[in-house]
Amino acid sequence: RTADRRDNIPDTLHQTRDLLAAAAGLSPEDLPFVGELIEVRTEFEPWREAFNQALGGFATTVLIDTSHLAAFRAAIDSVRTRVRLRYEGVETGLPKVEHRDTKALPARLDYRPSPFTGWLQERLGERFGFVCVDSPAELSRHKMALTITGQASQGSRGAHGGHGKGNVLGFSNQCRLADLTAQIAAARMRLVDAENALERAEDALNAVD
(Lines give C-alpha, C1' and ligand atoms only; values in the text may rest on other atoms or scores of the structure.)
Protein backbone atom coordinates (compact mmCIF):
# COMPACT_ATOMS: atom_id res chain seq x y z
CA ARG A 1 0.00 0.00 0.00
CA THR A 2 1.17 3.51 -0.85
CA ALA A 3 0.44 4.80 2.67
CA ASP A 4 2.69 2.12 4.16
CA ARG A 5 5.74 2.95 2.01
CA ARG A 6 8.17 5.83 1.99
CA ASP A 7 8.83 6.06 -1.75
CA ASN A 8 7.07 6.61 -5.07
CA ILE A 9 8.06 3.51 -7.03
CA PRO A 10 5.04 1.73 -8.63
CA ASP A 11 3.71 -1.35 -6.83
CA THR A 12 4.38 -3.64 -9.80
CA LEU A 13 8.08 -2.82 -9.71
CA HIS A 14 8.19 -3.30 -5.95
CA GLN A 15 6.55 -6.71 -6.27
CA THR A 16 8.97 -7.80 -9.00
CA ARG A 17 12.00 -6.56 -7.04
CA ASP A 18 10.78 -8.37 -3.91
CA LEU A 19 10.28 -11.59 -5.89
CA LEU A 20 13.79 -11.50 -7.33
CA ALA A 21 15.31 -10.56 -3.98
CA ALA A 22 13.64 -13.55 -2.34
CA ALA A 23 14.89 -15.86 -5.08
CA ALA A 24 18.43 -14.63 -4.49
CA GLY A 25 18.22 -14.81 -0.70
CA LEU A 26 18.52 -11.03 -0.38
CA SER A 27 16.30 -8.45 1.27
CA PRO A 28 14.62 -5.64 -0.70
CA GLU A 29 16.89 -3.22 1.16
CA ASP A 30 19.86 -4.90 -0.54
CA LEU A 31 18.33 -3.96 -3.92
CA PRO A 32 17.21 -0.31 -3.75
CA PHE A 33 15.69 1.52 -6.68
CA VAL A 34 17.60 4.67 -7.63
CA GLY A 35 14.40 6.66 -7.12
CA GLU A 36 14.25 5.49 -3.49
CA LEU A 37 17.66 7.01 -2.77
CA ILE A 38 17.10 10.55 -4.04
CA GLU A 39 14.64 13.34 -3.33
CA VAL A 40 14.10 16.71 -4.99
CA ARG A 41 15.16 19.45 -2.61
CA THR A 42 12.23 21.54 -1.38
CA GLU A 43 13.39 24.76 -3.02
CA PHE A 44 13.55 23.00 -6.40
CA GLU A 45 10.19 21.22 -6.20
CA PRO A 46 8.91 22.91 -9.43
CA TRP A 47 11.61 20.92 -11.28
CA ARG A 48 10.35 17.51 -10.09
CA GLU A 49 8.62 16.53 -13.34
CA ALA A 50 11.61 17.67 -15.42
CA PHE A 51 13.98 15.60 -13.26
CA ASN A 52 11.75 12.54 -13.65
CA GLN A 53 11.86 12.99 -17.41
CA ALA A 54 15.62 13.60 -17.50
CA LEU A 55 16.47 10.54 -15.39
CA GLY A 56 14.06 8.29 -17.28
CA GLY A 57 14.55 4.57 -16.72
CA PHE A 58 17.61 5.15 -14.54
CA ALA A 59 15.28 6.21 -11.70
CA THR A 60 13.63 2.77 -11.65
CA THR A 61 16.88 0.83 -11.99
CA VAL A 62 17.70 -1.51 -9.10
CA LEU A 63 21.20 -1.24 -7.65
CA ILE A 64 23.04 -4.30 -6.36
CA ASP A 65 26.43 -4.67 -4.70
CA THR A 66 28.87 -6.18 -7.20
CA SER A 67 29.79 -8.81 -4.61
CA HIS A 68 26.24 -10.22 -4.96
CA LEU A 69 25.94 -9.79 -8.72
CA ALA A 70 27.05 -13.23 -9.99
CA ALA A 71 24.94 -15.16 -7.45
CA PHE A 72 21.97 -12.86 -8.09
CA ARG A 73 22.11 -13.47 -11.84
CA ALA A 74 22.23 -17.22 -11.35
CA ALA A 75 19.37 -17.22 -8.83
CA ILE A 76 16.90 -15.14 -10.86
CA ASP A 77 17.48 -16.67 -14.30
CA SER A 78 14.65 -19.20 -13.97
CA VAL A 79 12.22 -16.74 -12.31
CA ARG A 80 9.41 -15.61 -14.63
CA THR A 81 7.95 -12.14 -14.16
CA ARG A 82 5.59 -10.10 -16.32
CA VAL A 83 7.41 -6.87 -15.46
CA ARG A 84 10.94 -6.41 -16.79
CA LEU A 85 13.27 -5.05 -14.12
CA ARG A 86 16.54 -3.28 -14.88
CA TYR A 87 19.43 -3.74 -12.44
CA GLU A 88 23.05 -2.64 -12.23
CA GLY A 89 25.92 -3.97 -10.17
CA VAL A 90 27.74 -1.13 -8.43
CA GLU A 91 30.63 -0.64 -6.05
CA THR A 92 29.37 0.18 -2.57
CA GLY A 93 30.99 2.18 0.20
CA LEU A 94 32.47 4.84 -2.09
CA PRO A 95 33.06 8.28 -0.54
CA LYS A 96 30.26 10.78 -0.97
CA VAL A 97 30.54 13.39 -3.72
CA GLU A 98 29.56 16.93 -2.81
CA HIS A 99 27.85 18.60 -5.76
CA ARG A 100 28.15 22.34 -5.15
CA ASP A 101 26.79 23.85 -8.38
CA THR A 102 23.09 24.24 -7.65
CA LYS A 103 22.47 25.15 -11.29
CA ALA A 104 22.96 21.45 -12.10
CA LEU A 105 20.55 18.58 -11.48
CA PRO A 106 22.72 16.50 -9.06
CA ALA A 107 23.05 19.41 -6.62
CA ARG A 108 19.29 19.94 -6.56
CA LEU A 109 18.73 16.54 -4.96
CA ASP A 110 18.97 15.20 -1.43
CA TYR A 111 20.48 11.75 -0.98
CA ARG A 112 19.36 9.05 1.43
CA PRO A 113 22.35 7.67 3.36
CA SER A 114 23.17 4.20 2.05
CA PRO A 115 26.16 2.12 0.90
CA PHE A 116 25.20 3.10 -2.66
CA THR A 117 25.21 6.88 -2.15
CA GLY A 118 28.79 7.60 -3.22
CA TRP A 119 28.45 5.62 -6.44
CA LEU A 120 25.07 7.18 -7.20
CA GLN A 121 26.33 10.73 -6.71
CA GLU A 122 29.27 10.00 -8.98
CA ARG A 123 27.08 8.47 -11.68
CA LEU A 124 24.59 11.34 -11.59
CA GLY A 125 27.41 13.82 -12.02
CA GLU A 126 28.80 11.91 -15.01
CA ARG A 127 25.62 10.99 -16.88
CA PHE A 128 22.95 13.38 -15.63
CA GLY A 129 24.82 16.59 -14.87
CA PHE A 130 22.23 18.68 -16.69
CA VAL A 131 22.49 22.43 -16.19
CA CYS A 132 19.01 23.74 -15.36
CA VAL A 133 18.27 26.67 -17.67
CA ASP A 134 15.47 29.23 -17.80
CA SER A 135 14.68 29.03 -21.52
CA PRO A 136 15.30 26.77 -24.54
CA ALA A 137 17.52 29.49 -25.99
CA GLU A 138 20.10 28.57 -23.34
CA LEU A 139 20.18 24.85 -24.13
CA SER A 140 22.96 25.15 -26.71
CA ARG A 141 25.21 27.03 -24.29
CA HIS A 142 25.94 23.92 -22.23
CA LYS A 143 27.21 20.41 -22.85
CA MET A 144 24.09 19.09 -21.12
CA ALA A 145 21.08 21.22 -20.21
CA LEU A 146 17.47 20.92 -19.08
CA THR A 147 14.47 23.26 -19.05
CA ILE A 148 11.79 23.21 -16.37
CA THR A 149 9.36 21.76 -18.95
CA GLY A 150 11.62 18.72 -19.31
CA GLN A 151 13.33 19.44 -22.63
CA ALA A 152 16.87 18.05 -22.43
CA SER A 153 19.84 18.68 -24.69
CA GLN A 154 23.19 16.95 -25.07
CA GLY A 155 25.13 18.63 -27.83
CA SER A 156 23.14 18.26 -31.03
CA ARG A 157 20.88 15.61 -29.49
CA GLY A 158 17.83 16.27 -27.36
CA ALA A 159 14.58 14.91 -25.98
CA HIS A 160 11.21 16.27 -24.97
CA GLY A 161 7.81 14.95 -23.92
CA GLY A 162 6.53 12.30 -21.56
CA HIS A 163 4.57 14.76 -19.46
CA GLY A 164 1.98 13.60 -16.97
CA LYS A 165 3.72 10.38 -15.96
CA GLY A 166 3.83 9.50 -12.28
CA ASN A 167 6.65 10.71 -10.07
CA VAL A 168 9.11 7.96 -9.07
CA LEU A 169 11.62 10.08 -7.16
CA GLY A 170 11.79 10.44 -3.41
CA PHE A 171 12.29 8.74 -0.08
CA SER A 172 9.11 10.45 1.10
CA ASN A 173 5.73 9.71 -0.49
CA GLN A 174 3.97 12.87 0.69
CA CYS A 175 3.70 14.18 -2.87
CA ARG A 176 2.20 10.87 -3.99
CA LEU A 177 -0.33 10.84 -1.13
CA ALA A 178 -1.32 14.45 -1.87
CA ASP A 179 -1.77 13.58 -5.55
CA LEU A 180 -3.93 10.55 -4.69
CA THR A 181 -6.01 12.66 -2.31
CA ALA A 182 -6.63 15.18 -5.11
CA GLN A 183 -7.55 12.37 -7.52
CA ILE A 184 -10.04 10.94 -5.02
CA ALA A 185 -11.62 14.38 -4.48
CA ALA A 186 -11.91 14.89 -8.25
CA ALA A 187 -13.47 11.44 -8.69
CA ARG A 188 -16.05 12.20 -6.00
CA MET A 189 -16.96 15.45 -7.76
CA ARG A 190 -17.39 13.60 -11.04
CA LEU A 191 -19.62 11.08 -9.25
CA VAL A 192 -21.83 13.87 -7.89
CA ASP A 193 -22.04 15.45 -11.36
CA ALA A 194 -22.97 12.07 -12.87
CA GLU A 195 -25.66 11.46 -10.24
CA ASN A 196 -27.13 14.94 -10.86
CA ALA A 197 -27.09 14.34 -14.63
CA LEU A 198 -28.86 11.00 -14.12
CA GLU A 199 -31.51 12.63 -11.95
CA ARG A 200 -32.13 15.34 -14.58
CA ALA A 201 -32.39 12.72 -17.32
CA GLU A 202 -34.92 10.71 -15.27
CA ASP A 203 -36.96 13.85 -14.62
CA ALA A 204 -36.96 14.65 -18.35
CA LEU A 205 -38.02 11.12 -19.21
CA ASN A 206 -40.85 11.26 -16.65
CA ALA A 207 -42.02 14.57 -18.13
CA VAL A 208 -42.17 13.01 -21.58
CA ASP A 209 -44.15 10.06 -20.23
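The values are calculated or read from the model by the stated rules, or taken from the named source; none is laboratory data. This one's a predicted model, so the numbers in the text were calculated from it and none came from an experiment. Ideal geometry is used to build each Cβ from the backbone, glycine not excepted, and the neighbour counts take in all protein chains shown. Remember, those area values only see protein heavy atoms, side chains included, never the ligands or the DNA or RNA. Shrake-Rupley method; radii C 1.70, N 1.55, O 1.52, S 1.80 Å.
Some observations on this one:
- Between 85, 55, 37, the Gaussian network model of the chain with springs among Cα atoms under 10 angstrom shows the greatest mean-square fluctuation at 85.
- Extension reserve of the residue 138-residue 22 stretch, reckoned as 0.36 nm per residue once the Cα distance is removed: 37.0 nm
- Only the Cβ atoms of Lys and Arg (+1) and of Asp and Glu (-1) were treated as charged; on that basis the dipole of the chain about its Cα centre amounts to roughly 760 debye.
- For segment 161-169, the Karplus equation 6.51 cos²θ - 1.76 cosθ + 1.60, evaluated at θ = phi - 60°, returns couplings of x, x, 6, x, 6, x, 6, 10, 8 Hz by residue, with Gly and Pro reported as x.
- Whole-number accessible area per residue in Å² for segment 110-175, which is evaluated in the context of all protein chains at 1.4 Å: 54 Å²
- Euclidean distance between Cα centres, segment 43-63 to segment 95-116, Å: 13 Å
- Surface analysis of segment 5-103 yields an accessible area of 55 Å² per residue, using protein heavy atoms and a 1.4 Å probe.
- Calculated from backbone phi, Karplus (6.51, -1.76, 1.60) coupling profile of segment 83-88 in Hz, x at Gly/Pro: 9, 8, 10, 8, 9, 8
- Listed residues 71, 23, 187, most fluctuating in the chain (Gaussian network, C-alpha, under 10 Å): 187
- One chain, two ends: residue 193 and residue 81. Fully extended at 0.36 nm per residue, the span grows by 36.2 nm beyond their Cα-Cα distance.
- For the chain, a Gaussian network of Cα nodes joined below 10 Å ranks 41, 157, 112 by mean-square fluctuation, and the top entry is 157.
- Amide hydrogen proximity for residue 87: with H placed 1.01 Å from N in the peptide plane, the residues at 5 or more positions away or on another chain lying under 5 Å are 62.
- Point-to-point label distance, residue 103-residue 159, nm (Cα→Cβ direction, 7 Å offset): 2.4 nm
- The apolar share of the surface of segment 74-136, taken as the fraction of accessible area on carbon and sulfur atoms (1.4 Å probe, ligands and nucleic acids excluded), comes to 43 percent.
- Working note: Cα gyration tensor of segment 1-59, eigenvalues times five, square-rooted, sorted largest first, giving semi-axes of 25, 12, 10 Å.
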